[in-house]
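Note sheet for the following structure.
Each value in this text was obtained by applying a stated rule to the coordinates, not by laboratory testing. Since this is a predicted model, take the numbers as computed values, not measurements. Cβ: placed from backbone, ideal geometry, glycine included. Neighbour counts: every protein chain shown.
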Amino acid sequence: MPSGVPAALNDEIEQLLVDTAREEGTKAVVQRGMEISHRFDPDGLELQEQIAKTRRWLTLTQNHDGTVGLRGMLDKESGALALAVLSPLAAPAPATDGISDTRFPGQRYADAFVQLCQLATPALPDVRGERPHVFVTTTLESLQNKIGCALGTLDGQYHLSPGAVRRVACDANIIPVVLGTNGQPLDIGRATRIIPVAMRRALVARDQGCAFPGCDRPPSWCDAHHCRHWANGGRTALCNLCLLCVHHHDVVHCDGWNIEMIDGFPWFIPPPWLDST
């Protein structure tokens, strides 16, 4: 029974809520109950909202294998903002050759959360004099995807596959480190951005967003991808670069797509399982 309702009206209100449930569903019952409570207790809803805000929480738990679990609860205002921001990022990607986005809604929202973190990175404050970053350690052989190459490592010494390392290295700062025979750092080179700002601007002007066929993701959602990987001798030049959104960046790396530059523009060649011709 809604709070503040006089006992004499309990039966009448209960019947009203039962009728509402039958005709309009459970969500309407909650809304109708709030309206009734507000009529008899005008300050009650605001108090409930204040209590809900004090009960907000979010935890990120890093597991032993490096994966991270998220759990939490937001108040109504914060939840509405989160949904308003994440929903456009979590929209299904456009169909490619008649094949629709196969990600489940939960997967799309997980990808949207990660993309939101990427979009927020340039505006974050420095941490001890450095921009927020993820530290990945690998070898030249791993970047070149040679047989028997070593695994990469993330912060905290969590292992990362060579394929994941290559995706990260597509649009990142590279700091060459010369290691001694026992793995101790002997020399650390100057951090250099693989994709200079001016070159990225030229990419934006050419591709206008994700270059994958049918995708309408804007440039701010995209990484710069080397069509021929940098570690394999690919040049950091417009003739070897294109913009890809996070989803299609993974698709290109994982599903066997090839990208060729023809007349200065990227052309996408699907894997044989999708189109053998």
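Here are a few things to note about the model shown:
- Overall form of the range 7-55 per C-alpha gyration tensor (a/c, 1.5; a/b vs b/c): oblate
- Estimated FRET transfer efficiency (Cys117, Gln208; beta-carbon r; R0 22 Å; 0.05): 0.35
- Counting every other Cβ atom within 10 Å of each residue's Cβ, Phe212, Phe104, Phe268 order from fewest to most as Phe104, Phe268, Phe212.
- Report note on the peptides 139-146, 50-57: ranked by the mean count of other C-beta atoms within 10 Å, highest first, their order is 139-146, 50-57.
- Gain upon complete extension [Gln48, Lys76; 0.36 nm per residue less C-alpha separation]: 9.0 nm
- Per-pair calculated FRET efficiency, R0 = 51 Å: Ala28 and Met199 via Cβ, rounded to 0.05: 0.40
- Computed extension gain for Val68 through Asp216, at 0.36 nm per residue and net of the alpha carbon distance, reaches 50.3 nm.
- The range 80-113 and the range 218-277: distance between their alpha carbon centers, rounded to Å: 21
- Spin-label model, Cys149 to Trp57: label points 7 Å out along the Cα-to-beta-carbon direction sit 4.3 nm apart.
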